[in-house]
Amino acid sequence: MLNQQIRTLRLSRKMSQVELAQALCVTKQSISNWENDNIQPSVEMLVKIAEVFSVSTDYLLGLESRETIDVTGLPLETVSHLRQIVDDLRSAIL
């Protein structure tokens, strides 16, 4: 599950394994090993991965299905607009 989450998040952000490796200060081989489920990242690295993708560690581990967007520092009016956009998109899909 974790390996799939890392790969899915990386691809959804159009990142290569090299780019993710650079963001985490690890090798491309580490990313490949995680995504192929050969090894698991350390707890410390799991936190860094969550930070890079702005998700919770629970989300990475498949314990939570909600993905969040960090709006810290944005004006309340902008956050309100973003909520409306998300609601509109959700309505269009359903």
Relative contact order (%) - criterion: Cα under 8 Å, at least six apart; region: the chain = 23 percent
Packing-based order for 80-93, 37-50, using average beta carbon neighbours within 10 Å, highest first = 37-50, 80-93
request  = Apply the Karplus parameterisation 6.51 cos²θ - 1.76 cosθ + 1.60, with θ equal to phi minus 60°, to every residue of segment 39-45 and state each ³J(HN,Hα) to the nearest whole Hz, in sequence, with x for glycine and proline.
outcome  = 9, 10, x, 5, 4, 4, 5
message = If each DSSP helix of 4+ residues adds -39,500 (n - 2.57) and the sum is divided by the residues in the chain, what number results at 222 nm, nearest 500 deg cm²/dmol?
response = -18500 deg cm²/dmol
Inter-site label distance for R83 and T8 at 7 Å from Cα along Cβ, in nm = 2.6 nm
ask   = Just the accessible area for T57, please: 1.4 Å probe, Å², rounded to the nearest 10?
value = 50 Å²
remark   = Long-range amide H partners of S56, meaning residues 5 or more apart or on another chain whose placed amide H is closer than 5 Å, are T68
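The values are calculated or read from the model by the stated rules, or taken from the named source; none is laboratory data. Note that the structure is predicted; figures quoted are calculated from it, not measured. Backbone-built Cβ (ideal geometry, glycine too); neighbour counts: all protein chains shown. Remember, those area values only see protein heavy atoms, side chains included, never the ligands or the DNA or RNA. Shrake-Rupley method; radii C 1.70, N 1.55, O 1.52, S 1.80 Å.
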